[in-house]
1. Take the residues in the range 54-79 that are within 15 Å of Leu39 (Cα to Cα) and among the aromatic types (Phe, Trp, Tyr), then tell me which one is surrounded by the fewest Cβ atoms within 10 Å (Cβ to Cβ).
2. On the basis of being surrounded by 10 or more Cβ atoms within 10 Å (Cβ to Cβ), modelled with pLDDT of 90 or more and not acidic (Asp, Glu), does Leu36 make the cut?
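The values are calculated or read from the model by the stated rules, or taken from the named source; none is laboratory data. Just so it is clear, the model here is predicted, and its values are computed rather than measured. Note: ideal-geometry Cβ built from the backbone for every residue, glycine included; neighbour counts use all protein chains shown.
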Amino acid sequence: MQLFGLFADRTLGTFVQMTLIEQLRSKKKALTVEELAGLLCVAVRTLYKEVEDDHIPFFRVRTSIRFDPHQVADWLEMKMPAHSVRTQRQSESAARA
């Protein structure tokens, strides 16, 4: 399963299709519960439950929960079926060639 999103490429004035993993890896700052829930298309409560059960990598800033987008991307890759990740990497390799 590969989730894609369209993002504006401001330098070219076009739209670029990115996988969820690519979207996460492109983030430069920690994500809030609301931001990550939006990216994953899950309810905020569902994400809080994943944190409570220690099923997803997170950290706290005082009482606030934050997510390192690169750690979440790694976690998602581990959770995804092997053929999904392999297919994504093969398509990236083909695009570079």
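1. Trp75
2. For Leu36, the condition - surrounded by 10 or more Cβ atoms within 10 Å (Cβ to Cβ), modelled with pLDDT of 90 or more and not acidic (Asp, Glu) - is met.
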